[in-house]
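Nothing in this text is a laboratory measurement; each read-out follows from the coordinates by a stated rule. Predicted model, so just to flag it, every value in this text is computed and none were measured. Quick reminder, even Gly has a Cβ in these numbers, built from the backbone with ideal geometry, and neighbours come from all protein chains shown.
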Amino acid sequence: MKLVIVAGTPGSGKTSILVHAVRLLKERGASVSIVKIDCLATDDDERYSRLAIPTLVGLAKDVCPDHFTVYNMEEIIQWARDNGAELLVVETAGLCHRCAPYTTGCLGVCVIDATCGPNTPLKVGPLLSTANIIVITKGDVISQAEREIFRERLLEMNPQAELVNANGLSGQGAAELVARFHDSPDVQVDSERLRHTAPLSICTLCAGETRVAREHHRGILRRIDGFQTYAGE
């Protein structure tokens, strides 16, 4: 079974592009299962279920959705295998931009909105820099010059990536994605590793502390450069 992990910035059109891609896969006779990981609520599973494919939803709630994806990956893969899937697509919610949910044996797809500005690729980090494919959406609403600048910024961050221009309304780019899905390697869950470390997230806030005063905080903490440190950092 092949594994595709799709991540990206919020509102970039991940689900819209995947609906077109999965429809093409179904038309070509492929057996697909899809998992949608979101934060608090989602109705994207309804869009996928109209395609009559096995669909699983996971709500991370008070946990980072990309951390949540990793914690549940073994069970997700087994669920897809039980469905007889040839291809498993995992779509994770965009959140902090710093997470990199891709594993070594998956096809990593980063979806990014071209209207978010030319400096955004510099801020996204491993989410973009470790992806195999970068899907650029909403490029039709900016100028040619802006598209070229955005494209160069993407390649500065990830020169090895394949860039695909896509449109979630028309389905442009979906066929190119489907072709790459078939080229991805078979997943081996026992040997899978993250391509990049996840952000640090061990502190009193994580344990439910709501008070703001610094005396209440312990753990792995980071202060703004030049600010005085305190006990517990």
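Enter the angle in degrees (range 0 to 90, nearest 10) between the Cα long axis of helix 144-157 and the first principal axis of the Cα atoms of the chain, meaning the one along which they spread out most.
Approximately 60 degrees, to the nearest 10.
Would you list Val32, Val19 from fewest to most Cβ contacts within 10 Å?
Fewest-to-most Cβ neighbours within 10 Å comes out as Val19, Val32.
Counting only C-alpha contacts under 8 Å and six or more residues apart, can you give the relative contact order of the chain as a whole percent?
25
Could you sort the peptides 53-60, 188-195 by per-residue average Cβ neighbour count (10 Å cutoff), highest mean leading?
53-60, 188-195
Of Asn158, Asn119, Asn132, which has the largest mean-square fluctuation in a 10 Å C-alpha GNM of the chain?
Asn119
Work through the residues other than Pro185 whose Cβ is under 15 Å from its Cβ and net out their charges, Lys, Arg +1 and Asp, Glu -1.
-1
On a 0 to 90° scale, report how tilted helix 174-183 is relative to the longest principal axis of the chain, with both axes built from alpha carbons and the result rounded to the nearest 10.
80
Please go through the residue pairs Lys2/Lys61; Lys14/Lys138; Lys14/Lys36; Lys61/Lys123 and name each one whose alpha carbons sit more than 18 Å apart in this structure.
Lys2/Lys61; Lys61/Lys123
What is the dipole size for the range 68-181, taken about its Cα centre, with +1 at each Lys and Arg Cβ and -1 at each Asp and Glu Cβ, in debye to the nearest 20?
Value, rounded to 20: 260 debye.
In degrees, nearest 10, range 0 to 90: what is the angle between the Cα axis of helix 73-82 and the longest Cα principal axis of the chain?
20
Suppose every K and R has +1 on its Cβ and every D and E has -1 on its Cβ; what is the size of the dipole of the chain about the Cα centre, in Debye to the nearest 20?
300
How much of the DSSP beta bridge set in the chain is antiparallel, as a percent to the nearest 5?
Just about 10 percent of them are antiparallel.
Between the range 60-117 and the range 184-205, what is the C-alpha centre distance in whole Å?
For the range 60-117 versus the range 184-205, the Cα centre distance is 10 Å.
Once you've got the GNM for the chain with C-alpha springs shorter than 10 Å, pick whichever of Leu40, Leu221, Leu127 has the biggest mean-square fluctuation.
Of the options given, Leu221 has the highest mean-square fluctuation.
Arranged by the count of other C-beta atoms within 10 angstrom, fewest first, what order do Ser49, Ser16 take?
Going from sparsest to densest Cβ surroundings: Ser49, Ser16.
In the Gaussian network model of the chain, springs joining C-alpha atoms below 10 Å, which of Thr42, Thr210, Thr197 carries the largest mean-square fluctuation?
Its mean-square fluctuation being the largest, the pick is Thr210.
Among Lys123, Lys61, Lys14, Lys138, which comes first, second and so on when ranked by fewest other beta-carbon atoms within 10 Å?
The most exposed by this proxy come first: Lys61, Lys123, Lys138, Lys14.
Across the chain, where is the longest run that never hits chymotrypsin sites (Phe, Trp or Tyr not before Pro) in a DSSP loop with at most 12 other C-beta atoms within 10 Å?
With chymotrypsin sites (Phe, Trp or Tyr not before Pro) excluded where exposed in loops, the chain gives 1-226 as its longest stretch.
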